[in-house]
Amino acid sequence: MRRREFITLLGGTVAAWSLAARAQQQAMSMIGFVSSRAPAESASHVAAFRRGLSEAGFVEGQNLSIAFRWAEGHYDRLPALAAELVNLRVAVLFAAGGPPSALAAKEATSTIPVVFSAVSDPVRLGLVPSLNRPGGNVTGMSFLNSELIAKSAQLLKEAVPAATMIAFLVNPSGPSAEIYVNEAPAAARALGIQIPVLNASTEEDLDEAFASLGKLGAGGLVVPAEPFFDSQRERLVSLAALRAVPMISNLREYVVAGGLMSYGPSLPDLYRRAGIYVGRVLKGEKPADLPVMQPTKFDLVINLKTAKALGLTVPPALLAVADELIE
């Protein structure tokens, strides 16, 4: 081969490599990740979301980039954060951290696909018209949190049979507050006890709510899966220990941190499944054709060490149905 022909061939090869590299760069999708929570306490959920994306064939840094925005419990920041991601022209907007971020994402765009994670009653909140046929540009994972309220109160009553009052903690600034408040009377009637609702939307409110439990004579506290509460779970567990309050939540993470009980679906699993949905949308499927997914398994977790510290003897029947006992 002559030198001139070799140089021509080499030049063509380099050009081909350059075009291939440019095509790879162009093929990298960007998704927006907006959350009402904080990055540190959401690390396990972000990892689960990335696992779901990987299962769908998308790996961050290879064929995918993720732009993160965190409200850190300040719901009023969410509309601006969602708008920032829309302006970046992300391929998909993932709304993490429950109803507040999901509603902000839906409001921010009617064209970019939106996938939400762990939203209680998305139909009632107006995110989708139907679980099976969401229509529009929004779909995701349902948490069924409103239906867990009564069950959580029932389980806590079984653990503390002498309780004649079990309080509900509600964030009045959260979109699901009305749902929780409406569930309380029905749960109270079913159990034959009083269920007062305590409001808390700041750290100071949490302190006041726990202080009022003693004055009310409440024998326990139900904490729903609410993004602000989840971001404050270490504080909630500490306050419950300080006030000797039996507490049940919907998330296992509270029990691992030292709470008494939890009953609900796995949040990391919901994030993983949401990651798979985002991957399917990136491959061309439309949110309108992807039904809102619901949890299929609910776990009861009991911290026996915490029960002992509270002076409680967990009934054998409750121990028998527990999915996990932490000692």
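Of note:
- Accessible surface of region 91-190, 1.4 Å probe, proportion on carbon and sulfur as whole %: 52 percent
- Rounded Å value of the spacing that divides the Cα centres of region 86-156 and region 288-327: 25 Å
- Rounded tilt (10° steps) of 3-27 against the dominant C-alpha axis of the chain: 20 degrees
- Per-residue accessible area (protein heavy atoms, 1.4 Å probe) orders Ser266, Ser117, Ser212 as Ser266, Ser212, Ser117, starting from the largest.
- Of the solvent-accessible surface of region 211-312, computed with a 1.4 Å probe over protein heavy atoms with every protein chain present, carbon and sulfur atoms account for 53 percent.
- Degrees separating the helix 78-87 axis from the principal Cα axis of the chain, which is the longest one: 10 degrees
- Remark: region 33-151 projects, on average over all directions, an area of 8.0 nm² (convex hull of Cα atoms).
- Probe 1.4 Å, protein heavy atoms only - accessible area per residue of the chain in square angstrom: 46 Å²
- Ranking Gly174, Ala200, Ser152 by Cα position along the charge dipole of region 146-203, where only Lys, Arg, Asp and Glu carry charges on their C-beta atoms, puts Ser152 farthest toward the positive end.
- Simple label model, 7 Å out from Cα along Cβ direction - Val123 to Met165, nm: 3.7 nm
- Where labels lie 7 Å past Cα in the beta-carbon direction, separation of Glu204 and Arg243 in nm: 1.7 nm
- Quarter the surface of the alpha carbon convex hull of region 168-310 and you get the mean projected area, 9.9 square nanometres.
- Note on Glu204: accessible area is roughly 110 Å² with a 1.4 Å probe, heavy atoms of protein only.
- Helix 203-216 and the longest principal axis of the C-alpha atoms of the chain enclose an angle of approximately 20°.
- Computed [θ] at 222 nm, deg cm²/dmol, the chain (DSSP H ≥ 4; -39,500 (n - 2.57); rounded to nearest 500): -14000 deg cm²/dmol
- Kirkwood hydrodynamic radius computed over region 263-327 comes to 14.6 Å, based on all pairs of distinct alpha carbons.
- This model, with +1 at the C-beta of Lys and Arg and -1 at the C-beta of Asp and Glu, gives region 190-302 a dipole about its Cα centre of some 460 debye.
The values are calculated or read from the model by the stated rules, or taken from the named source; none is laboratory data. Because the structure is predicted, anything quoted here is derived from the model rather than measured. FYI the Cβ positions are ideal-geometry reconstructions off the backbone, even for glycines, and counts take in every protein chain you see. Heavy atoms of the whole protein, side chains included, go into the accessibility calculation; ligands, DNA and RNA do not. Shrake-Rupley method; radii C 1.70, N 1.55, O 1.52, S 1.80 Å.
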